[in-house]
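The structure appears right after this line, and notes come after that.
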Amino acid sequence: MGWLIGRAEAVSNPQAARDKAIAKLRRLAELDDPEALVVPILIDAILLVESMRGARHPMPLLPELSRSVDELLREVTILEKSEEFAAAAE
């Protein structure tokens with residue numbers, strides 16, 4: 001499978017690499033079950049970030065991934081807390 005982004009570009013120009021990835025991922029909506037492909041990747045990203053927190057030799061782009069994972073988890077936690085609050089108010 002050909003891919004548009006190499007390691008050198010991902011490290012030297014992360015924004016251009018992100019733009020290329022977004023352009024490619026826009027096609028996800030055309031798949032039969034995009035969630036079946038995306039959710040396992042999100043789980044792997046979460047586990048990768050958690051396993052690398054505090055590592056002696058940080059990986060390139062790990063800080064960005066950590067921020068993205070933390071934001072995702074924060075938003076999901078807000079949803080959970082909102083549901084709990086709504087259920088308690090009933």
- Looking at the P(r) of the range 1-66, how many percent of alpha-carbon pairs lie beyond 16 Å? 60
- Task: Could you do me a favour and compute the accessible area per residue for the chain, 1.4 Å probe, result in Å²?
- Result: 83
- Carbon/sulfur fraction of accessible area - the chain, other protein chains in place, 1.4 Å, %: 62
- Can you give the accessible area of L47, probe radius 1.4 Å, in Å² rounded to 10? 110
- Query: So what's the back-of-envelope 222 nm ellipticity for the chain, counting only DSSP H runs of four-plus at -39500 (n - 2.57) apiece and dividing by all residues, rounded to 500?
  - Reply: -24000 deg cm²/dmol
- Item | Radius, Kirkwood style, for the range 44-90 when every pair of distinct Cα atoms is counted (Å) | 12.2
- In the chain, helical segments from DSSP H whose Cα atoms cover 24 Å or more along their own axis and that average at least 1.6 on the Kyte-Doolittle scale are 34-52
- Length gained when the stretch K24-K81 is fully extended (0.36 nm per residue, less Cα-Cα span): 17.1 nm
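The values are calculated or read from the model by the stated rules, or taken from the named source; none is laboratory data. The structure presented is a predicted model; accordingly, all values stated were derived computationally and were not measured. Heads up: the accessible areas ignore ligands, DNA and RNA and are worked out on the full protein's heavy atoms, side chains in. Shrake-Rupley method; radii C 1.70, N 1.55, O 1.52, S 1.80 Å.
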